[in-house]
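Below: one structure, written as structure tokens.
The values are calculated or read from the model by the stated rules, or taken from the named source; none is laboratory data. Just so it is clear, the structure is predicted and the values come from calculations on it, not from any experiment. Cβ sites come from the backbone with ideal geometry, for glycine too, and all protein chains shown count toward neighbours.
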Amino acid sequence: MKKIIITIDGYSSCGKSTLARQLAGELDYLYIDSGAMYRAITLYFIQHRVDWTDHIQVKNALRDIQLEFVPNQITGRSDMYLNEENVELMIREMLVAEKVSEVAAIREVREFAVAQQQQMGKQKGIVMDGRDIGTVVFPHAELKIFMTADPAIRVERRFKELYEKNPNITIQEVKENLELRDYIDANREVSPLRKADDAIILDNSQLTMDEQLELVKQWVDDAVAVQTP
């Protein structure tokens with residue numbers, strides 16, 4: 001079967017990564033978590049006290065950053081490695097979550113990440129999720145999905161996820177963090193979050209993960225059929 005590029009964009013805590021991982025597994029495609037790349041860059045900046053308002057410091061820091069996805073034999077997923085160190089758990093912490101939208105809005109950071117993402121997609125057969133995958137990274141992708149969900153449901157999902165790691169976190173903190181990330185993502189100067197004109201909207205507020213997966217697999221079949229002579 002002909003392989004295609006599938007992009008999944010949308011707001012935070014809509015389940016983009018979960019869907020992308022499931023879909024990649026079902027299709028035997030490569031899953032690329034673009035958000036993990038920006039989180040790893042943010043972690044590096046925090047650890048090395050890089051002032052990301054200083055473009056010179058940002059450019060110099062990016063020269064020292066090596067990102068790689070390495071398969072995890074236990075989880076069956078690919079973990080994010082930063083300069084040969086597994087940082088998969090560290091990049092999911094609240095400290096990084098609070099700053100990643102600021103870092104991801106920097107032109108030099110986005111150009112650095114996008115170049116790597118486009119290189120990964122040259123062979124097709126990939127599923128990538130993020131904010132600007134269908135609009136900037138792969139504007140000619142064969143299937144583009146834009147995910148959304150009711151804000152209250154997104155907050156609840158994110159709270160449950162973070163509470164397991166930090167029982168002291170409050171739902172108000174999560175709500176404020178999501179609202180801030182949404183605002184920054186949608187209003188940043190470089191590659192703002194927006195729906196591609198040819199993207200299919202997936203509102204999963206009332207869908208189970210199984211229902212969502214089956215729906216998207218049908219979209220994949222339709223997209224592949226169009227590409228097949």
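See the values below:
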quantity	calculated
Selected residue (only one of GLU26, GLU68, GLU85 is charged (D, E, K, R), modelled with pLDDT of 95 or more and more than 16 Å from GLU102 (Cα to Cα))	GLU85
Test: residue in segment 177-191 that is in contact with a Ser or Thr (Cβ under 9 Å, 6 or more places away or on another chain) and either more than 26 Å from VAL50 (Cα to Cα) or assigned to a loop (DSSP other than H, G, I, E, B) (or both)	yes
Filter pass, LYS165 being farther than 17 Å from LEU30 by Cα and at pLDDT below 90	yes
Within segment 1-70, helices (runs of 4 or more DSSP H) holding 1 or more residues that are in contact with a Gly (Cβ under 6 Å, 6 or more places away or on another chain) and among the basic types (Lys, Arg)	16-27
Residue within segment 149-167 that is of a type in the set (Ser, Thr, Tyr) and assigned to a strand (DSSP E or B) present	no
Single residue of segment 98-122 satisfying the filter (of a type in the set (Lys, Arg) and not in a helix (DSSP H, G or I)) that is farthest from ARG158 (Cα to Cα)	LYS122
Only listed residue being under 20 Å from ARG131 (Cβ atoms) and free of Cβ contacts under 8 Å to residues at least 60 places away in the same chain, chosen from LEU30, LEU23, LEU67	LEU67
Yes/no for VAL220 being in contact with a Lys or Arg (Cβ under 7 Å, 6 or more places away or on another chain), in a helix (DSSP H, G or I), farther than 25 Å from GLU156 by Cα and touching a residue at least 12 places away in the same chain (Cβ under 8 Å)	no
Among (1) polar (S, T, N, Q); (2) at negative phi; (3) crowded, with 21+ Cβ neighbours inside 10 Å - the single one GLN47 does not satisfy	(3)
Subset of segment 76-104 [surrounded by 19 or more Cβ atoms within 10 Å (Cβ to Cβ) and in contact with an Asp or Glu (Cβ under 9 Å, 6 or more places away or on another chain)]	SER78, MET80, LEU82, VAL87, GLU88, SER101, ALA104
Positions within segment 186-199 being under 17 Å from the mean Cα position of the chain (by Cα) and touching a residue at least 24 places away in the same chain (Cβ under 8 Å), in sequence order	ARG188, VAL190, SER191, PRO192, LEU193, ARG194, LYS195, ALA196, ALA199
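Matching residues to (1) over 20 Å from LEU95 (Cα atoms); (2) exposed (fewer than 15 other Cβ atoms within 10 Å of the Cβ); (3) of a type in the set (Ser, Thr, Tyr); (4) in contact with a strand residue (DSSP E or B) (Cβ under 9 Å, 6 or more places away or on another chain):
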{"residue": "VAL127", "(1), (2), (3), (4)": "yes, no, no, yes"}
{"residue": "VAL137", "(1), (2), (3), (4)": "yes, no, no, yes"}
{"residue": "ASP150", "(1), (2), (3), (4)": "yes, yes, no, yes"}
{"residue": "ASN177", "(1), (2), (3), (4)": "no, no, no, no"}
